[in-house]
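Everything on this sheet refers to the single structure shown next.
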Amino acid sequence: MKLKQRLLLLSIVPLLLSTGIIGFNISQLFTLQSSTEEIVDSLITVEELNSSAQSLQKSLDSYAFNISESNKNNIEQDLQLVKANYEALAPLLVSKEQKQHSDKIARKYDQILDESTPAVEANNQAEIKRQSFRIKGLINDVIELKRDINEQYKTMQIEIQNNIDRIIYISIALMAILLIGSIITVLLLTNRIVGRIEQVTRSAEEIADGNLAIELEDVKSKDEVATLQRAFKKMSSNLREFLSHVQDSSSQVAASSEELMASADETMKGAELISDSIQQVSSGAEKQSFMSVESVQSADKSKSYVDEISTIASLAQQLSVSTGKKTEQGSKFVEVTVSQMEKINESVDETDHALSILNNQTKEIVKVLSQITEVADQTNLLSLNASIEAARAGEAGKGFAVVADEVKKLADQTRQLVANITGIAKQIDVDTEKTVTSINDVKDRVQKGLEIAFDTQTTFGEIQEAVGQVQTQVVNITSISDKIEVEVSKVSAHAKEMSEVSKSTSDNSTSVAATSEEQLASMEEISGAAVSLANLAEELQVRLSKFTI
């Protein structure tokens, strides 16, 4: 593999891995957001079902006390609203327990609908009142369902927190592995390249010191450094052969050519080295220009990837904002429910107080009726005595006997009416006691409903906080992707500048290479002329004796 390919791979792999890590985090955030939206929808819908059921109970109570067309319309609307809320909630339920509660609610609703509709049409207040009490059982089932969903939400919150922790740990671990792997790869590649270049440098120093007998190792790699090593080895071999040839030729040249030949030889070697170097520079510049073009293309691709990441992060931010709005709406519904439950609690307290007063007054009525009964008994006794006295008086007492008989009848009627009123009063007392007991039970259930509503309100607060954290994380990801996009743009600009410089260097190297070739041609002419100068051969031999071939 070429060195430029290795360097390009070393720069692209970390970028791809980083992109993969970011994509993994975004996918996990989408999963968490989807789970949160589903449970929030369930909480909102079950709260709406609870509110509509309570509204239906109020409408039935109102119709039971006051039969009117408006109250009848309210009952029909509330029945439809309960049905709509239940149908919206049913598809959102996932657990077996929740579906059982849902089926139970559906059965009670169908029974209430079947029995309350004819009662409303027939203006049967007693049946409507009974259906109002049955609504309480449906509300209790809704409250139980809401409690199950709250438990599911709490469990999901724990799972979400665990998932977030796992994402953080995985990201940190992957980034650490990526960083360590990049450092190790860079160190290994750098040590390998530097070691081979140092080997070439040591060989060049040996040759500079006159030792041409060194042997360079054969290399099997195909990168640029290996190409340099092979070229240097070939240069050393050619130089050794050239010097050997010069030594053989110099022994035949006259002494007068030694000095000129040595100078020409030194100049030619320098010119050849310059020509080879210029050619290598030109080749390297062309390769660098090609690499720069590839770098520009890679930077453009990276920029497009970063744009996609930024778009996805923006979408995630919009979704998290939408979730926040839904959560805020659910919180408002809970506040309305709490307010309604508090009003119901106040109404129950007032009813309890009124029933207590009624119970006391009923007991007072029973006492008064007992006294009336005693008076009627005494009146009956007096009328009996009067009848006896009238009988004794004979004809003179007949009128008095008629009056006594009428008084006795009135006393009997009074005693009978008092007995009936006493029975009714006692039955009212018993019914009042039962109603007080039922009201106390309702108070307990309303209190429990308030506690659950407050818990739901707290839960929505936690949801809003969690959604806020998700929004913050999405904003951070967007900010990071924007920074990456800026850096990639800088890299692309630098790569384009490098490409232009490389092209200019390649053009200049071509011109210098042509000049070097002309210089070589001139030196060949000088070398030919120096052959006639034999006196320079001796000096050439002295110089050549410094080299070990």
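The values are calculated or read from the model by the stated rules, or taken from the named source; none is laboratory data. Note that the structure is predicted; figures quoted are calculated from it, not measured. Here the Cβ is made from the backbone with ideal geometry for all residues, glycine too, and neighbour counts use every protein chain on show.
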Sort out which residues of region 122-140 are over 53 Å from the mean Cα position of the chain (by Cα) and small (Gly, Ala, Ser), and write them in order of number.
ALA122, ALA126
I'd like to know if region 357-380 contains one or more residues that are at pLDDT below 75, farther than 30 Å from GLN54 by Cα, among the charged types (D, E, K, R) and part of a helix (DSSP H, G or I).
yes
From the list LEU273, LEU187, LEU216, LEU228, pick out the single residue that is at pLDDT 70 or above and over 53 Å from the mean Cα position of the chain (by Cα).
LEU228
Being surrounded by 14 or more Cβ atoms within 10 Å (Cβ to Cβ) and not hydrophobic (A, V, I, L, M, F, W, C) is the filter; apply it to region 155-184 and report the residue that is farthest from the chain's Cα centre (by Cα).
SER182
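Rundown of residues vs (1) over 20 Å from ILE149 (Cβ atoms); (2) assigned to a helix (DSSP H, G or I); (3) among the polar types (S, T, N, Q), yes/no style:
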position: ASN71; (1), (2), (3): yes, yes, yes
position: LEU79; (1), (2), (3): yes, yes, no
position: LYS83; (1), (2), (3): no, yes, no
position: ALA88; (1), (2), (3): no, yes, no
position: TYR109; (1), (2), (3): no, yes, no
position: VAL120; (1), (2), (3): yes, yes, no
position: ILE128; (1), (2), (3): yes, yes, no
Yes/no for SER339 being exposed (fewer than 13 other Cβ atoms within 10 Å of the Cβ) and at pLDDT 70 or above
yes
Take the residues in region 344-356 that are surrounded by 12 or more Cβ atoms within 10 Å (Cβ to Cβ) and among the charged types (D, E, K, R), then tell me which one is modelled with the lowest pLDDT.
ASP352
Condition set among the small types (Gly, Ala, Ser) and at pLDDT 85 or above, scope region 88-115, selection nearest to GLU48 (Cα to Cα): answer is ALA88
Show the residue pairs meeting these rules: Cβ distance below 6 Å; 6+ apart or different chains; first residue within region 147-170 and touching a residue at least 60 places away in the same chain (Cβ under 8 Å) and over 18 Å from GLU451 (Cα atoms); second residue in a helix (DSSP H, G or I) and β-branched (Val, Ile, Thr).
MET156/ILE39
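For (1) in a helix (DSSP H, G or I); (2) farther than 30 Å from ARG147 by Cα; (3) aromatic (Phe, Trp, Tyr); (4) at pLDDT 65 or above, each residue gets a yes or a no:
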{"position": "ALA404", "(1), (2), (3), (4)": "yes, yes, no, yes"}
{"position": "ALA411", "(1), (2), (3), (4)": "yes, yes, no, yes"}
{"position": "THR414", "(1), (2), (3), (4)": "yes, yes, no, yes"}
{"position": "GLN427", "(1), (2), (3), (4)": "yes, yes, no, yes"}
{"position": "LYS434", "(1), (2), (3), (4)": "yes, no, no, yes"}
{"position": "GLY449", "(1), (2), (3), (4)": "yes, no, no, yes"}
{"position": "ILE463", "(1), (2), (3), (4)": "yes, no, no, no"}
{"position": "VAL475", "(1), (2), (3), (4)": "yes, yes, no, yes"}
{"position": "VAL486", "(1), (2), (3), (4)": "yes, yes, no, yes"}
